[in-house]
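The values are calculated or read from the model by the stated rules, or taken from the named source; none is laboratory data. Computed from a prediction, not measured in an experiment: that's the story for all the values here. All Cβ positions, glycine included, derive from the backbone under ideal geometry; neighbour counts span all protein chains shown.
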Amino acid sequence: MGHGSVVDGEYWNGSEHVELGDHLSLVMEAEALLWSSSVQRDVGRLEWLLHHDFTGVTRDGESVSREESLSATRRGIPRAERDFTEWSLHAMPWPLVLVTYRLVEDEGTSRHVSVWDISTGLARLRFHQGTWQDHDGMPG
């Protein structure tokens, strides 16, 4: 899934202190699942993963709503191999988790930030933004 990770913090979920590390694999798996061909072709799965208040910004700087994201699914288009690296998770006010990572794929390299809601014990995406990088790793 990727190389290394940083986990920062704990939070109070209303009844106990929870270490953010307890949710590391949950959020990483959900994030990678969003990029998979199977979810990109399955509107039902994508509807569940995207929180009803989801909003985002594409790597090209365009704002997108939940409805636009759902209608932009790429049915039947296989996705190339991806390399997720430099994972970092940070506690936010319960039940939100901030995640950052670097993504390398055929189209290029990009950095991403997501905010996940984990209140149900499963991860649902509230916000996502990606930014393209130059080939030398410096922002464009």
When residues of the stretch 120-140 are limited to those that are closer than 21 Å to D83 by Cβ and in a strand (DSSP E or B), the one modelled with the lowest pLDDT: P139
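Out of the residues in the stretch 48-72 that are touching a residue at least 60 places away in the same chain (Cβ under 8 Å), part of a strand (DSSP E or B) and among the aliphatic types (A, V, I, L, M), which is farthest from P95 (Cα to Cα)? Before you say what the answer is, go through the steps one by one.
From the stretch 48-72, those touching a residue at least 60 places away in the same chain (Cβ under 8 Å) are 48-51, 53-60; that's our starting set.
Then drop every residue that is not part of a strand (DSSP E or B), which leaves 50-51, 53-57.
Checking the rest, the ones that are also among the aliphatic types (A, V, I, L, M) come to 50, 57.
Details: L50: 15, V57: 22 Å.
Looking at residues that are touching a residue at least 60 places away in the same chain (Cβ under 8 Å), part of a strand (DSSP E or B) and among the aliphatic types (A, V, I, L, M), I get V57.
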Count - residues of the stretch 89-119 that are assigned to a loop (DSSP other than H, G, I, E, B) and more than 13 Å from the chain's Cα centre (by Cα): 7
Looking only at the stretch 50-94, and only at residues there that are surrounded by 14 or more Cβ atoms within 10 Å (Cβ to Cβ), within 18 Å of A32 (Cα to Cα) and among the small types (G, A, S), the one that is modelled with the highest pLDDT: G56
